[in-house]
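The block underneath contains the structure these notes are about, expressed in structure tokens.
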Amino acid sequence: MSITDYLTAAIVTLLVVVDPPGLGPIFLGLTRGMTKDQRHAVAWRASVIGGGVLAFFALAGEPFLRLLGISTPALRIAGGLLLFVIAYEMVFDRSNTRKSETAETAITKDFISNVAAFPLAIPLIAGPGAITATMLLAEQAHGRIVDFGMLFVVIALVMVGCYVSFRLASVINRLLGITGNVVLTRLLGIVLSALAVQFILDGARAVLAG
């Protein structure tokens with residue numbers, strides 16, 4: 001595989017799997033009730049953490065999972081279960097109930113960090129699909145330094161795309177208004193629950209096939 005072919009494959013694969021534009025609306029639902037600065041903090045942290053996770057698995061993903069005795073299907077099932085919990089909270093508005101019971105300082109510090117790490121960075125940005133794709137692309141580099149370096153550049157570019165998508169989500173939030181955000185949150189919760197079930201089914205199917 002030539003350098004150009006590898007670069008093209010890496011860009012297309014990670015853009016499709018991570019889907020930065022598709023994460024924008026989900027970001028709206030997860031950060032509803034936050035201020036502009038809080039949203040920006042979440043967007044930045046989530047993009048950095050997500051990129052760091054993918055970079056780690058590009059470097060040592062397969063040996064790390066093998067060392068722990070974790071298979072890729074197991075990773076998919078676990079990610080699906082965690083994502084389903086978040087979807088449940090979005091549909092039934094449990095996340096906002098939890099927020100209202102939290103002190104203001106916790107919301108501006110710990111809560112922002114937690115939302116950025118989970119579920120935005122993991123498993124929405126660096127989910128089972130993105131991690132698996134990154135590990136496969138790293139394997140296809142076959143130890144070539146140039147190809148390996150380009151993979152990290154692509155990861156960084158995709159994370160920039162996620163950050164831009166999150167920042168634009170604030171503009172969309174103002175256009176939608178309160179009612180629009182409530183409706184969008186519920187709809188996206190349903191979509192997330194379906195995505196979570198799909199992760200679980202894919203993992204179970206791989207286990208049964210193996």
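Return the residues of region 61-74 that are surrounded by 13 or more Cβ atoms within 10 Å (Cβ to Cβ) and closer than 21 Å to G143 by Cβ; say none if nothing qualifies. First the steps, then the outcome.
Initially, region 61-74 is screened for residues surrounded by 13 or more Cβ atoms within 10 Å (Cβ to Cβ), giving 61-62, 64-65, 71-74.
Residues satisfying the conditions are G61, E62, F64, L65.
On inspection, G143 fails the criterion of being part of a helix (DSSP H, G or I) and either surrounded by 17 or more Cβ atoms within 10 Å (Cβ to Cβ) or without any contact (Cβ under 8 Å) to a residue 12 or more places away in the chain (or both). Taking region 151-182 as the range and being modelled with pLDDT of 80 or more, of a type in the set (A, V, I, L, M) and out of contact with any Phe, Trp or Tyr (no Cβ under 7 Å at 6 or more places or on another chain) as the test, the residues that pass are L151, V153, V154, I155, A156, L157, V158, M159, V160, V164, L168, V171.
Quickly run through region 162-210 and pick out the residues that are within 22 Å of H40 (Cβ to Cβ), of a type in the set (V, I, T) and in contact (Cβ under 8 Å) with a residue 60 or more places away in the chain. Full working, then the answer.
Within region 162-210, the first condition is being within 22 Å of H40 (Cβ to Cβ), and the residues that meet it are 162-178, 180-181, 184-185, 188.
Now narrow it down to the ones that are of a type in the set (V, I, T): 164, 171-172, 178, 185.
V164, I172, T185 - these are the residues of region 162-210 that are within 22 Å of H40 (Cβ to Cβ), of a type in the set (V, I, T) and in contact (Cβ under 8 Å) with a residue 60 or more places away in the chain.
Among the residues that make up region 20-28, is at least one of them modelled with pLDDT of 80 or more and surrounded by fewer than 18 Cβ atoms within 10 Å (Cβ to Cβ)? Within region 20-28, one or more residues are modelled with pLDDT of 80 or more and surrounded by fewer than 18 Cβ atoms within 10 Å (Cβ to Cβ).
Which of the residues spanning region 1-19 are over 11 Å from the mean Cα position of the chain (by Cα), surrounded by fewer than 20 Cβ atoms within 10 Å (Cβ to Cβ) and touching a residue at least 24 places away in the same chain (Cβ under 8 Å)? Lay out the reasoning, then the answer.
Let us first name the residues in region 1-19 that are over 11 Å from the mean Cα position of the chain (by Cα), namely 1-16.
Add one more test, that the residue is surrounded by fewer than 20 Cβ atoms within 10 Å (Cβ to Cβ), and what stays is 1-5, 7-9, 11-13, 15-16.
If the condition is that a residue be over 11 Å from the mean Cα position of the chain (by Cα), surrounded by fewer than 20 Cβ atoms within 10 Å (Cβ to Cβ) and touching a residue at least 24 places away in the same chain (Cβ under 8 Å), then M1, I3, L7, A9, I11, T13, L15 are the ones that fit.
The set of residues in region 136-183 being under 20 Å from V115 (Cβ atoms) and among the aromatic types (F, W, Y) consists of Y163, F166.
The values are calculated or read from the model by the stated rules, or taken from the named source; none is laboratory data. A quick note: this is a predicted structure, and the numbers were derived from the prediction, not measured. With ideal geometry, Cβ positions are generated from the backbone for all residues, glycine too; neighbour counts draw on all protein chains shown.
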